[in-house]
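Below is one structure; the comments refer to it alone.
The values are calculated or read from the model by the stated rules, or taken from the named source; none is laboratory data. Because the structure is a prediction, the values reported are computed rather than measured. With ideal geometry, Cβ positions are generated from the backbone for all residues, glycine too; neighbour counts draw on all protein chains shown. When the accessible area is computed, the model is the full protein with side chains, heavy atoms only, and any ligands, DNA or RNA have been set aside. Shrake-Rupley method; radii C 1.70, N 1.55, O 1.52, S 1.80 Å.
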Amino acid sequence: MWKGHQVIPLGGPRIRALLAVLLLEADRVVSVDRIIRLFWEDDVPVTARNAVQGLVAALRRTLRAAPEVHLVTRGPGYLLQVDPDRVDVFRFRAEVERARTLPDREAAVVLRDALALWRGAPMADIPFESVRVRLGGVLEQELLAAREMRAEVELRLGRHRDLVPELTRLADEHPVRESLHRLLILAQHRSGCTAEALETYRRLSHRLVTEYGITTGPALRELHEGMLRSCV
């Protein structure tokens, strides 16, 4: 957390994890029960509620250095009051939504700036796997969807060749995500690398059939058939 250009030390890993949970639900009540489930899953100690109260007290002491952030006890849990513009994930979401309303050239710039707000994998520095997986997984999907959205815009702007390395890396990281492979195949095909595009489709189709017993969706099959026709 920052105060101007000064970093506010947050203390131990549990305090950082609690702040992350509350920030992702800023201006909404997060129940004590949910915090307990996120932190301890099925191995809840009898002292869990007292432990949460202690963490909240420690976080409140830390937040004294950031008077624009307020941690409020409300209903069954706690609510963090903060300006959304001070939270990167809310700024990211707002910029992605704004990009949907803009012409492609402006949208590409806005999406690049939104994606630049991310530093590493979502919640990578949170040491609790349950918190990281449950909450970080949702953020990962939002980040990936925004990357795909930016790639769609860039493809419409004719920047096919520039996209191939990035889309190849992302496709390797998400080997059965059809929407991502469709973008890679389009970028390869429109860059004049139709043989590589057909091979990308073949590998994806083979993986889907052998590992999941399913075939590619209609949009991807139509793209594949179109490429085959262009090779004849």
Extreme residue, farthest from residue 15 (Cα to Cα), among residues of segment 129-168 that are open to solvent by 30 Å² or more (accessible area, probe 1.4 Å) and among the acidic types (Asp, Glu): 162
Segment 84-142 - residue that is in contact (Cβ under 8 Å) with a residue 24 or more places away in the chain and acidic (Asp, Glu) and, of those, nearest to residue 24 (Cα to Cα): 88
Residue tally, condition exposed (fewer than 13 other Cβ atoms within 10 Å of the Cβ) and basic (Lys, Arg), over segment 39-61: 1
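Using the structure shown, decide if residue 14 is part of a helix (DSSP H, G or I), of a type in the set (Lys, Arg) and free of Cβ contacts under 8 Å to residues at least 60 places away in the same chain.
Working: part of a helix (DSSP H, G or I): yes; of a type in the set (Lys, Arg): yes; free of Cβ contacts under 8 Å to residues at least 60 places away in the same chain: no.
No; evaluated as a whole, the condition is false for this residue.
What about residue 126, is it open to solvent by less than 50 Å² (accessible area, probe 1.4 Å) and touching a Phe, Trp or Tyr at 6+ places or on another chain (Cβ under 9 Å)? Spell out the reasoning first.
Values: open to solvent by less than 50 Å² (accessible area, probe 1.4 Å): yes; touching a Phe, Trp or Tyr at 6+ places or on another chain (Cβ under 9 Å): no.
So residue 126 fails the test.
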Residues that are outside any helix (DSSP H, G or I) and either at negative phi or open to solvent by less than 30 Å² (accessible area, probe 1.4 Å) (or both), drawn from segment 17-38: 25, 26, 28, 29, 30, 31
Pairs, first within 12 Å of residue 84 (Cβ to Cβ) in segment 23-35, second modelled with pLDDT of 90 or more and assigned to a loop (DSSP other than H, G, I, E, B), C-beta under 7 Å, six or more apart: 26/82
One residue from 90, 39, 128 being closer than 30 Å to residue 159 by Cα and aromatic (Phe, Trp, Tyr): 90
Residue selected from segment 62-95 under the condition part of a loop (DSSP other than H, G, I, E, B) and among the small types (Gly, Ala, Ser), by the criterion most open to solvent (accessible area, probe 1.4 Å): 75
